[in-house]
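Here's the structure, in structure tokens; my notes come after.
The values are calculated or read from the model by the stated rules, or taken from the named source; none is laboratory data. Here the structure is a predicted model, which is why all the values come from computation and not from measurement. All Cβ positions, even for glycine, are placed from backbone atoms using ideal geometry, and neighbour counts span all protein chains on display. Surface areas here come from the heavy atoms of the whole protein model, side chains and all, with no ligands, DNA or RNA. Shrake-Rupley method; radii C 1.70, N 1.55, O 1.52, S 1.80 Å.
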Amino acid sequence: MGDRYVVTKANDSLPPLRWEEPPEGPVLVLLDQTRLPGEETELVCTDVPALVEAIRTLAVRGAPLLGIAGAYGVALAAVRGFDVDDAAETLAYARPTAVNLGYGVRRAAAAYHAALAGGGGAERAAAAALAEARGLHAEDAEASAAMAQHGLELLAELLPGGGYQVLTHCNTGALVSGGEGTAMAVVAAAHRAGELRRLWVDETRPLLQGARLTAYEAARAGMPYTLLTDSAAGSLFAAGEVDAVLIGADRIAADGSVANKVGSYPLAVLARYHNVPFIVVAPTTTVDLGTPDGASIEVEQRSGHEVTEAAGNPVAPLGTQAYNPAFDVTPASLITAIVTENGAISPVTASDLVALCGPSAPGHDQVMG
Ligand code: MRU
């Protein structure tokens, strides 16, 4: 992987990713999310293989951020004189489920090729790829702010009493975004509005993105939060302590099915049984109208060691086989609403999803024929 250095930030802003141009040449600097919350360590990527390794090991992760990282990765290859098409190919397939990764990579690569075709030469083409990555980064921050607003309005409509007890799964905050995230941006807005009574944080086995990352973000923001094991969620619903579930998404198929961190689907079933709103918050860059339905979404299968070991120590007999899908798929019928930067749809239908996303959404041309 790339070079590492440890940072202790004096201020509150801890960007998950940034582009820097030291005299030795441009680099992509990542906050290494595998080391949080214990260490705030930055990882310096000088080439695409280092970035691909960071993506596979989840040093950089979460759907929107993967798209931004992929776009900067193409720019990195271009400015450093590596083969841009090779880089784009390797980056796009580093992880299969989050549609944003391929989207970000394709946008930067298209900008690079358009500039080349325009006769600008390699340097101008590299600058065009970098400008596209920066554009996507800024757009994601804007989308995050808009989702927070739409999500807050939806919560006020669904839960007029205010004082929400929200359950969330995995990590969807500033660590995955150019802004404040997706579901977590709505939670942060509710907190600022004085309407967040409690954030219930699923620990999110096996890689503990909830415990390590969401609890870290909630603590930094001064939110009232409580951590629970994933399997404790059922008794929490039964006790009437959950008013709404808010999660993000890695890919939303054309039929409104949502792939998100494994453990999301059981929460949707619980929410339906207990008559609790189950809300998905994601930018339109996570909607893939080219994937017709949930069954067509490729779910990443990860190493069994993530299940049979905890922090490198065995928790199962040697040789135990493990089932370790990184994501699961929730059908539209179990989802109360999908919130994007363009607004919310409820109930979730294929036609409303197309109308919500508009022509710029990935795969829009495929559904429209
Ligand atoms: O495997 P990860 O940590 O990349 O999974 C991330 C999630 O599942 C998030 O919930 C999803 O990307 C939505 S984040 C906005």
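Quick notes on this structure:
- Among the residues of the range 179-199, the ones that are open to solvent by 30 Å² or more (accessible area, probe 1.4 Å) and in contact with a strand residue (DSSP E or B) (Cβ under 7 Å, 6 or more places away or on another chain) come to 3 in all.
- Close Cβ contacts (under 9 Å, 6 or more residues apart or on different chains) running from residues in the range 262-273 that are open to solvent by 50 Å² or more (accessible area, probe 1.4 Å) to residues that are at pLDDT 95 or above and assigned to a helix (DSSP H, G or I) comprise Y265/L334; P266/D230; P266/A233; P266/G234; V269/L334; R272/S333; R272/L334; Y273/F237.
Residues are listed down the side, and each one gets a yes or a no for (1) surrounded by 13 or more Cβ atoms within 10 Å (Cβ to Cβ); (2) assigned by TED's automatic domain parsing to the domain that holds Q209; (3) of a type in the set (G, A, S):
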| residue | (1), (2), (3) |
| --- | --- |
| G312 | no, yes, yes |
| Q321 | no, yes, no |
| P331 | yes, yes, no |
| N342 | yes, yes, no |
| I345 | yes, yes, no |
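- Residues (surrounded by fewer than 22 Cβ atoms within 10 Å (Cβ to Cβ) and part of a loop (DSSP other than H, G, I, E, B)) located in the range 290-303: G290, P292, D293, E298, V299, E300, R302, S303
- Qualifying strands (runs of 3 or more DSSP E) (wholly inside the range 247-286; at least 3 residues being near the ligand (Cβ under 9 Å from one of its atoms)): 258-261
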